[in-house]
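Enquirer: Pasting in a structure now, in structure tokens, and then I'll have a few things to ask.
The values are calculated or read from the model by the stated rules, or taken from the named source; none is laboratory data. Small disclaimer: the values here were computed from a predicted structure and weren't measured. All Cβ positions, glycine included, derive from the backbone under ideal geometry; neighbour counts span all protein chains shown.
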Amino acid sequence: MLTLPSFEWARPRTVEETLAALSDRPGETLVVAGGTDAVPNLKHRLHEPRLVVHIGGVRELQFVRDAEDGLHLGALVTLAELARHPVVRRDFPSLARAAGLVAGPQLRNMGTLGGNLCLDTRCTYYNQTYFWRSALGYCLKKDGAAAWRRTPRTSRRC
Amino acid sequence: MKRRGTPAIPADRMMPAEKRLIPPAWPGGRTAPPNREFRVIGKRNRKVEGLAKVTGRAIYADDIALPRMLHGKLLRSPHAHARIRSIDVSAARALPGVHAILTGRDLPEYFGIIPWTEDEQALCEEKARYVGDAVAAVAAESELIAEEALKRIRVEYETVPAITSIDEALEHPEIKVNEKAKEGNISKHVHLEFGDVEAELEKSDATIEAEYWYEGSTHAPIEPHCAIGDFDATGFLTLYSSTQVAHYLHRDLAKVLGLPTQRIRVIQPVVGGAFGGKSEPFSLEFCAAKLSMLTGRPVKILYTREEVFYAHRGRHPMRLRYRTGIKRDGTLTGVDAKIHIDGGAYSSFGLVTTYYSGQLLTAPYQMKAYRFDSTRVFTNKPCCGPKRGHGSVQPRFAFECQIDKLADAIGMDPIEVRRRNFLGEHTRTVNELRVTSNGFPQCLEAVERASDWKRKFRRMPYGHGVGVAGSMYISGTNYCIYPNEMPQSGVQLKLDRSGRATVFCGASDIGQGSDSVLAYIVAEELGLDIGDIRVVAADTDLTPVDLGSYSSRETFMVGNACLDAARKLRLMVAESLAERWGCRAEDVTLAGGVACSTRAPEKECMSVQSAFQLAEARHGTLGSVGWYQSPKLGGDYRGGTIGASPAYSFTAHVAEVECDPETGRVSVRKIWVAHDCGRALNPVAVEGQMEGSAYMGFAEAIFEEQLFKPEAPGHGAGLHHGPSLLDYRIPTSLDTPELESIIIESVDPEGPYGAKEAGEGPLHPSIPAIANAIYDALGVRCDRLPFDPPRVFRLLRSCDARAQWERARAHVHEAATGAQATAERSPSGTRAR
Ligand SMILES: Cc1cc2nc3c(=O)[nH]c(=O)nc-3n(C[C@H](O)[C@H](O)[C@H](O)COP(=O)(O)OP(=O)(O)OC[C@H]3O[C@@H](n4cnc5c(N)ncnc54)[C@H](O)[C@@H]3O)c2cc1C
């Protein structure tokens with residue numbers, strides 16, 4: 001199995017605690033919400049943080065609020081909630097539809113809106129295992145000097 | 001011992017002909033029910049292991065955790081082709097928690113599934129031959145430590161230019177991928193000719209010559225390979241492995257590890273899919289065992305999904321050129337094939353693949369003359385091997401498209417062409433394969449009717465189409481992979497006063513249902529409930545040898561062995577009852593938990609449990625053995641036994657597609673699958689295999705592509721495009737078309753109750769049926785896989801598709817209205833005379 005690297009683990013309950021945890025080790029910290037993107041990336045050694053801050057338990061970020069000035073969505077709203085929320089479906093049907101089309105039901109149950117917006121999925125050269133990237137000769141975005149892109153004819157720069 | 005071609009048994013180990021094993025003949029033959037009618041066979045029963053799987057109780061290899069177990073990891077080459085100058089493991093060994101490290105020198109013995117082509121080492125000693133080839137192994141306290149240790153192993157490589165295509169392999173014999181190749185990069189070459197092909201082609205009214213490309217694909221089983229080696233203080237090795245060939249693994253472990261076979265036990269836990277991808281030994285099995293021998297602790301190695309892509313042994317890419325002729329009345333004349341096969345870095349089953357690419361084409365159609373010339377080459381890519389429908393899916397695709405083109409050229413319905421060339425039953429093919437039962441015409445008729453073919457073919461609006469294809473496949477190979485005259489399958493059956501039966505058999509259930517088949521047969525013969533039978537399988541200490549789950553042999557061969565054992569035991573029970581009741585043993589019925597005489601069933605009757613007790617008192621402890629050995633078959637020429645099978649299955653598909661002429665996107669709406677499996681021992685299980693096969697063929701037709709990156713600054717050629725299930729796309733249930741399975745039962749005289757295979761045959765026609773349907777829909781011929789939007793779009797742009805489409809319709813309609821069929825110049829560059 002692909003292993004996770006070793007790291008320390010914080011589970012804040014409030015936004016305040018979260019900010020405190022994040023400022024603890026700037027530059028060596030990774031936020032994880034649903035983990036559908038962050039966990040594979042950890043396994044691929046794209047991130048090697050000293051501290052992982054799991055924000056899944058921060059209640060304050062789990063809301064859908066219909067207000068005068070528009071719809072407010074918390075970062076921890078899951079894609080499944082977004083897809084089935086009556087107000088989102090009524091007022092922003094394309095958003096609800098898009099959320100409902102992402103991946104499969106399990107991933108939509110875990111995946112959050114915040115995570116979707118801050119996603120670190122880039123391309124088939126980057127989102128690969130450490131071994132595969134070493135065989136590629138690495139890439140500018142992680143561990144390497146050259147940048148790759150998909151078109152083979154102009155393969156060197158992206 | 002002959003060195004190549006037909007495996008021959010050394011003369012000093014041959015039994016005199018008159019003493020050879022001949023399967024026993026049972027009264028009424030193998031096909032008849034033991035009582036007047038079937039009680040279990042043919043009924044829609046559950047698979048015996050199903051509930052354990054869906055409730056999470058089944059124990060897979062990775063579920064096994066032994067006390068003090070270490071974890072192993074393999075270091076893999078980042079280069080497609082590189083000499084290994086040196087390996088320095090000192091830094092890795094110094095890491096706390098690391099217990100042992102192996103390199104190629106620790107396991108130098110060569111192995112390979114085919115005894116004539118042993119060209120692999122557990123770890124590369126001198127040279128790595130593809131990106132991902134294993135070069136070192138570590139055992140450590142945890143996977144994480146083992147991984148850390150791998151990073152500290154220093155390998156000095158000297159890269160060599162990589163050969164990544166068939167043409168490069170042929171053009172550069174001086175760059176040798178595999179040193180065991182006798183000549184350049186040729187893995188195997190076979191040239192066979194039956195009849196006078198040129199003379200037959202001369203007689204044709206139309207000939208078609210075309211080249212096809214079959215892209216490689218991989219099995220993608222849900223469960224990655226996993227093995228646990230456990231070497232104990234007495235010098236005894238137990239290896240648990242997710243294999244589908246425990247017996248062959250057992251032999252190769254002994255060879256590579258230098259242990260006597262009687263000191264090795266191989267156990268196959270529940271396997272989560274294999275499809276041919278686990279039908280030979282792999283690096284992890286040898287390394288887990290050796291690391292356990294060095295450390296005295298159990299060692300587990302579990303492949304990552306990426307490593308499963310490197311272990312591969314999937315479908316060979318093939319370039320196939322066919323020249324085929326037809327007469328105006330629809331009779332096929334000569335068939336000429338030239339085939340190039342991309343084998344990857346090692347031989348695997350390649351010798352057989354190369355023969356199969358030609359040998360298995362000769363039914364269900366009559367051929368007047370046939371020639372094939374097949375060459376398998378080595379390239380610096382993961383090794384190809386047997387994937388469901390081994391060796392014959394690719395040529396079948398090409399040939400069934402050829403038939404479609406020929407039908408088009410003479411203006412005849414392609415189902416009619418297939419019907420007219422039907423080979424027949426109880427006959428021989430042009431290459432001397434013995435064919436017995438053959439339900440192919442019924443298969444054709446079934447899909448023709450179910451799909452409403454006559455109303456659809458060449459009659460639907462542009463973008464909509466139907467296509468047909470047929471095929472045949474083996475029910476097991478007639479000969480073992482290594483020459484010997486012992487049974488191909490053995491069963492031991494235990495029965496006692498508890499009323500419970502236990503079947504012991506080396507058979508390997510990989511999800512296809514061989515455990516269930518064993519249970520159904522025992523239940524039928526002894527009158528037991530399926531739940532009263534335990535199946536103990538694929539454990540070399542406990543079970544008699546069965547060769548394993550490959551070439552669709554289990555139902556046929558294991559089934560026959562089990563029938564043999566069960567009937568022997570049934571006879572003992574029946575005789576005891578006959579003695580008690582003063583009737584004949586034939587008059588005793590064992591069914592539904594009750595034993596009775598047919599003469600006076602009300603009076604002369606008892607539970608089967610009481611009957612077993614009576615038999616135990618009469619005969620002593622109850623048990624029996626059964627076995628199966630196929631008859632000697634095959635053509636009298638070198639390689640003539642390869643492709644010989646005691647029975648062949650037959651399939652026909654009709655596929656219906658809807659294509660978008662703007663984008664080239666092909667949606668397969670439905671596939672009708674009719675398959676002659678002899679007799680369906682359990683129709684649900686057969687339908688499952690038919691659907692699974694059709695699905696897998698559809699996946700190869702539309703989705704799958706095993707691609708490698710070309711050379712670029714930073715890396716050489718031969719890096720897998722994306723070894724994950726995110727980048728390598730297999731269809732999900734949402735992508736899968738509607739599938740309709742129609743079972744055809746020809747009742748084979750030699751199969752258990754008449755059964756033949758159903759696990760691989762129904763895959764074959766999927767691909768050509770879809771290709772032919774695309775022609776019906778769009779007027780373009782898809783001769784290259786997969787039929788994805790870019791390819792179909794390019795085809796649409798490269799010709800006047802619409803005009804070709806109209807011409808094809810006109811042809812068939814003319815023929816239908818009795819007009820003279822005209823064989824004019826046919827579409828897509830094919831020639832007609
Ligand atoms: C198979 C598959 C298919 C997919 N298909 C699609 C698709 O079709 N369209 C699409 O748009 N997406 C797609 N996705 C992406 C999916 O939407 C995201 O994986 C998911 O929304 C991420 O949410 P998460 O909570 O799991 O994020 P995580 O994995 O926890 O985090 C993802 C990233 O965002 C950061 N992050 C998360 N939350 C916050 C926050 N509150 N503040 C700051 N940073 C944060 C993390 O540090 C991390 O870098 C797919 C993903 C998968 C696995």
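Enquirer: How many residues are within 14 Å of chain B (Cβ to nearest Cβ) and in contact with a Pro (Cβ under 9 Å, 6 or more places away or on another chain) if we restrict to the stretch A:1-28?
Expert: Count: 4.
Enquirer: Right, next: Going residue by residue through the stretch B:492-512, is there one that turns out to be in the same structural domain as B:Val573 (by TED's automatic domain parsing), of a type in the set (S, T, N, Q), under 18 Å from B:Glu687 (Cα atoms) and within 25 Å of the chain's Cα centre (by Cα)?
Expert: Yes, the conditions are met somewhere in the stretch B:492-512.
Enquirer: When you scan the stretch B:678-698, do you find a residue that is within 14 Å of chain A (Cβ to nearest Cβ), in contact (Cβ under 8 Å) with a residue 60 or more places away in the chain and among the small types (Gly, Ala, Ser), even just one?
Expert: Within the stretch B:678-698, not a single residue is within 14 Å of chain A (Cβ to nearest Cβ), in contact (Cβ under 8 Å) with a residue 60 or more places away in the chain and among the small types (Gly, Ala, Ser).
Enquirer: Something else: If a residue must be farther than 22 Å from B:Trp453 by Cβ and assigned to a helix (DSSP H, G or I), how many such residues does the stretch B:397-443 contain?
Expert: 1
Enquirer: Of all residues being surrounded by 21 or more Cβ atoms within 10 Å (Cβ to Cβ) and in a helix (DSSP H, G or I) in the stretch A:97-115, which is nearest to the ligand (Cβ to nearest atom)? Just the residue, please. Break it down stepwise before answering.
Expert: Here is the first cut: in the stretch A:97-115, the residues surrounded by 21 or more Cβ atoms within 10 Å (Cβ to Cβ) are A:99, A:108, A:111-113, A:115.
From what is left, the residues that are in a helix (DSSP H, G or I) are A:99, A:108, A:113, A:115.
Details: A:Ala99: 8, A:Arg108: 8, A:Leu113: 7, A:Gly115: 2 Å.
The qualifying residue nearest to the ligand (Cβ to nearest atom) is A:Gly115.
Enquirer: Another one. Given the criterion away from the ligand (no atom under 13 Å from the Cβ), under 20 Å from A:Met110 (Cα atoms) and either within 14 Å of chain B (Cβ to nearest Cβ) or not in a loop (DSSP other than H, G, I, E, B) (or both), identify the matching residue among A:Val88, A:Val39, A:Val53, A:Val31.
Expert: A:Val88
Enquirer: Under 7 Å by Cβ, and 6 or more places apart or on different chains, what pairs join a residue from the stretch A:142-153 that is more than 8 Å from chain B (Cβ to nearest Cβ) and more than 13 Å from B:Glu711 (Cα to Cα) with one that is modelled with pLDDT of 75 or more and in a helix (DSSP H, G or I)?
Expert: Going by the 7 Å Cβ cut-off, the qualifying pairs are A:Lys142/A:Arg133; A:Asp143/A:Arg133.
Enquirer: For A:Asp66, indicate whether it is charged (D, E, K, R), more than 14 Å from chain B (Cβ to nearest Cβ) and farther than 30 Å from B:Glu147 by Cα. Full working, then the answer.
Expert: Details: charged (D, E, K, R): yes; more than 14 Å from chain B (Cβ to nearest Cβ): yes; farther than 30 Å from B:Glu147 by Cα: yes.
It is true that A:Asp66 is charged (D, E, K, R), more than 14 Å from chain B (Cβ to nearest Cβ) and farther than 30 Å from B:Glu147 by Cα.
Enquirer: With the structure loaded, tell me whether B:Gln609 is part of a helix (DSSP H, G or I), out of contact with any helix residue (DSSP H, G or I) (no Cβ under 7 Å at 6 or more places or on another chain) and closer than 14 Å to B:Gly527 by Cα or whether it fails that test.
Expert: Details: part of a helix (DSSP H, G or I): yes; out of contact with any helix residue (DSSP H, G or I) (no Cβ under 7 Å at 6 or more places or on another chain): yes; closer than 14 Å to B:Gly527 by Cα: yes.
Against the criterion (part of a helix (DSSP H, G or I), out of contact with any helix residue (DSSP H, G or I) (no Cβ under 7 Å at 6 or more places or on another chain) and closer than 14 Å to B:Gly527 by Cα), B:Gln609 qualifies.
Enquirer: Now a separate question. Looking at B:Tyr728, B:Tyr753, can you tell me which residue is modelled with pLDDT of 95 or more, more than 14 Å from chain A (Cβ to nearest Cβ) and either under 25 Å from B:Ile166 (Cβ atoms) or assigned to a helix (DSSP H, G or I) (or both)?
Expert: Criteria check complete, one pass: B:Tyr753.
Enquirer: In the stretch A:8-28, which residues are in contact (Cβ under 8 Å) with a residue 24 or more places away in the chain, farther than 27 Å from A:Glu81 by Cβ and either within 13 Å of the ligand (Cβ to nearest atom) or in a helix (DSSP H, G or I) (or both)?
Expert: Passing the criteria: only A:Asp24.
Enquirer: Sticking with this one: List every residue pair whose Cβ atoms sit under 7 Å apart, with the two residues 6 or more apart in sequence or on different chains, where the first one lies in the stretch B:581-605 and is more than 23 Å from B:Ile530 (Cβ to Cβ) and the second, anywhere, is surrounded by 15 or more Cβ atoms within 10 Å (Cβ to Cβ) and of a type in the set (Phe, Trp, Tyr).
Expert: That search, which allows pairs on different chains as well, returns B:Ser597/B:Trp581; B:Glu604/B:Trp581.
Enquirer: Another question, then. Condition first: surrounded by fewer than 22 Cβ atoms within 10 Å (Cβ to Cβ), in a strand (DSSP E or B) and away from chain A (no Cβ under 14 Å). Can you find one or more residues in the stretch B:155-169 that meet it?
Expert: yes
Enquirer: For the stretch B:25-66, name all the residues that are in a loop (DSSP other than H, G, I, E, B) and surrounded by fewer than 13 Cβ atoms within 10 Å (Cβ to Cβ).
Expert: Scanning the stretch B:25-66 gives B:Ala25, B:Pro27, B:Gly28, B:Gly29, B:Arg36, B:Glu37, B:Arg44, B:Thr55, B:Gly56, B:Arg57, B:Ile59, B:Ala65.
Enquirer: A follow-up question, please. Kindly provide the set of residues from the stretch A:121-141 that are part of a loop (DSSP other than H, G, I, E, B) and either facing chain B (nearest Cβ under 10 Å) or modelled with pLDDT under 90 (or both), ordered by number.
Expert: Within the stretch A:121-141, A:Thr121, A:Arg122, A:Cys123, A:Thr124, A:Tyr125, A:Asn127, A:Gln128, A:Thr129, A:Gly137, A:Tyr138, A:Leu140, A:Lys141 meet the criteria.
Enquirer: OK, next. Starting from residues that are closer than 23 Å to B:Ala694 by Cα and among the small types (Gly, Ala, Ser), keep the ones in the stretch B:725-753 and report whichever is farthest from the ligand (Cβ to nearest atom).
Expert: Across the stretch B:725-753, the extreme among qualifying residues is B:Ser746.
Enquirer: List the pairs whose first member sits in the stretch B:235-258 and is farther than 20 Å from B:Gly104 by Cα, whose second member is among the acidic types (Asp, Glu) and part of a strand (DSSP E or B), and whose Cβ atoms are under 9 Å apart, counting only residues at least 6 apart or on separate chains?
Expert: B:Phe236/B:Asp230; B:Leu237/B:Asp230; B:Thr238/B:Asp230; B:Leu239/B:Asp230; B:Tyr240/B:Asp230; B:Ala246/B:Asp539; B:Ala246/B:Asp546; B:His247/B:Asp546
Enquirer: Also: Of all residues in the stretch B:726-746 being more than 22 Å from the chain's Cα centre (by Cα) and among the aliphatic types (A, V, I, L, M), which is surrounded by the fewest Cβ atoms within 10 Å (Cβ to Cβ)?
Expert: So the residue we want is B:Leu734.
Enquirer: A further question follows. Could you please let me know if B:Ile84 is of a type in the set (A, V, I, L, M), surrounded by 15 or more Cβ atoms within 10 Å (Cβ to Cβ) and closer than 19 Å to B:Leu144 by Cα? Before you say what the answer is, go through the steps one by one.
Expert: Details: of a type in the set (A, V, I, L, M): yes; surrounded by 15 or more Cβ atoms within 10 Å (Cβ to Cβ): yes; closer than 19 Å to B:Leu144 by Cα: no.
Here the answer is no, as B:Ile84 does not meet what is asked.
Enquirer: Turning to a different aspect of this structure: Need pairs with beta-carbon distance below 8 Å; first residue within 19 Å of B:Cys383 (Cα to Cα) and within the stretch B:294-313, second among the charged types (D, E, K, R); sequence gap 6+ or separate chains.
Expert: B:Glu307/B:Arg76; B:Tyr310/B:Arg76; B:Tyr310/B:Asp133; B:Arg313/B:Glu280; B:Arg313/B:Lys387
Enquirer: Something else now. So which residues in the stretch B:769-800 are part of a helix (DSSP H, G or I) and surrounded by 22 or more Cβ atoms within 10 Å (Cβ to Cβ), if there are any at all?
Expert: Once the filter is applied, which keeps residues that are part of a helix (DSSP H, G or I) and surrounded by 22 or more Cβ atoms within 10 Å (Cβ to Cβ), the stretch B:769-800 yields B:Ala769, B:Ile770, B:Ala771, B:Asn772, B:Ala773, B:Ile774, B:Tyr775, B:Asp776, B:Ala777, B:Leu778, B:Val792.
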